[in-house]
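Take a look at the structure set out below.
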Amino acid sequence: MDARQLRYFLAVVDQGSVNRAAETLLIAQPSLSQSISALERELGVPLFHRVGRRLVLSDAGETLVGPARVVLRDLEDAKASVDALKGLRAGRVDLITMPSPGIEPLTTILTSFSRTYPSVTVNAEAAFTPEEVLHAVRTGVCEVGILGSPAEVRAPELDVVELESQPLILISGPGAETPSRPEIRRSELSGFRLIVSQRGSLMRTLVDEVLASGVDATIVAEVAHRTSILPMVLSGFGQAVMPSSWAPSARQSGATVHRIVPESYLHIAAVCRRTHLTPPARTLMDEARKYAERTPAAWDAPAAESPHIS
């Protein structure tokens, strides 16, 4: 077994077919098939089963995916260590993030990280649930994960850095009739047209609780891609419940922001494996720890000084 075989194996896993993997790797399809077959002969077990036109991982293939990713990343780590001795700080770090923490605190963390590794490429994958982030880090698909959860993250087998807790806010377009004070009570959402994210998110849970309490609000849109929500709000289509990480962009765009009380908080954390991290990934986690140490909890910061809350 060699690194080339593992790289080819993971390409087939990630692309879902030999043909697409061969195109990605820029090699001939027969050469890739022969390499996978040789790896299966060496291991003495099939790594894939063919179901119709699809390739499905066998139990042995499922078992190999995580260790294969770790081996290839260890090789990258070794090369990066040598490059560091030569004064080079290039390479790549793979991370996965949910949408709201992908605005903040990820932007601040990456800005600090780039001062140490200005030539490192950050590959940021998207996830929409905490479970997706944790699975990607556990299996080695990504080295670092940034997630937001209704409860504090518990993952004993991973290194978890609690970054901050973001209260939920109401974002309203210019001209919307809202209280002049910085907060709005849930009962005051009566009559509002609300743009919501999909079920399972903390934002949607708050809206569902408001509706269940008898408040006469209306859900006018359910949006999977949260980047679409702010333009809808600014157009006057409706108002949205979002984490406080969206507040700076909302204000800069001309929207108004209110803290919703009683408050609900999205708990933001960075996670990584405890071993087999590349030097850039270790530095990225160090920057996450620095962020956690210097950032006050959102509810402790004075309203006029908070980076997230008006």
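What the table shows:
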{"read-out": "Matching residues in the range 220-249 - criterion: being assigned to a helix (DSSP H, G or I) and closer than 11 Å to Leu194 by Cα", "value": "Ile229, Met232, Val233"}
{"read-out": "Leu10 vs. criteria at pLDDT 90 or above, open to solvent by less than 60 Å² (accessible area, probe 1.4 Å) and assigned to a helix (DSSP H, G or I)", "value": "yes"}
{"read-out": "Unique match (being touching a residue at least 60 places away in the same chain (Cβ under 8 Å), open to solvent by 60 Å² or more (accessible area, probe 1.4 Å), of a type in the set (D, E, K, R) and not in a loop (DSSP other than H, G, I, E, B)) among Glu188, Glu162", "value": "Glu162"}
{"read-out": "Candidate set: the range 98-132, residues that are more than 17 Å from Thr283 (Cβ to Cβ) and β-branched (Val, Ile, Thr); chosen: the one surrounded by the fewest Cβ atoms within 10 Å (Cβ to Cβ)", "value": "Thr129"}
{"read-out": "Pairs, first within 20 Å of Val141 (Cβ to Cβ) and in contact (Cβ under 8 Å) with a residue 60 or more places away in the chain in the range 1-27, second of a type outside the set (S, T, N, Q) and crowded, with 20+ Cβ neighbours inside 10 Å, C-beta under 6 Å, six or more apart", "value": "Leu6/Ala68; Leu10/Ala68"}
{"read-out": "Selected residue [touching a Leu at 6+ places or on another chain (Cβ under 9 Å), hydrophobic (A, V, I, L, M, F, W, C), open to solvent by 40 Å² or more (accessible area, probe 1.4 Å) and not in a loop (DSSP other than H, G, I, E, B)] from Val71, Val56, Val65", "value": "Val71"}
{"read-out": "Qualifying residue in the range 250-259 (condition: open to solvent by 60 Å² or more (accessible area, probe 1.4 Å) and either touching a Ser or Thr at 6+ places or on another chain (Cβ under 6 Å) or in a strand (DSSP E or B) (or both))", "value": "no"}
{"read-out": "Selected residue (criterion: farthest from Ala3 (Cα to Cα)) from residues of the range 29-52 that are touching a residue at least 24 places away in the same chain (Cβ under 8 Å) and out of contact with any Asp or Glu (no Cβ under 7 Å at 6 or more places or on another chain)", "value": "Phe48"}
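The values are calculated or read from the model by the stated rules, or taken from the named source; none is laboratory data. The structure presented is a predicted model; accordingly, all values stated were derived computationally and were not measured. Glycine also receives a Cβ, built like all others from the backbone with ideal geometry; neighbour counts cover every protein chain displayed. Side chains are part of the model used for accessible areas, which takes the heavy atoms of the whole protein and leaves out ligands, DNA and RNA. Shrake-Rupley method; radii C 1.70, N 1.55, O 1.52, S 1.80 Å.
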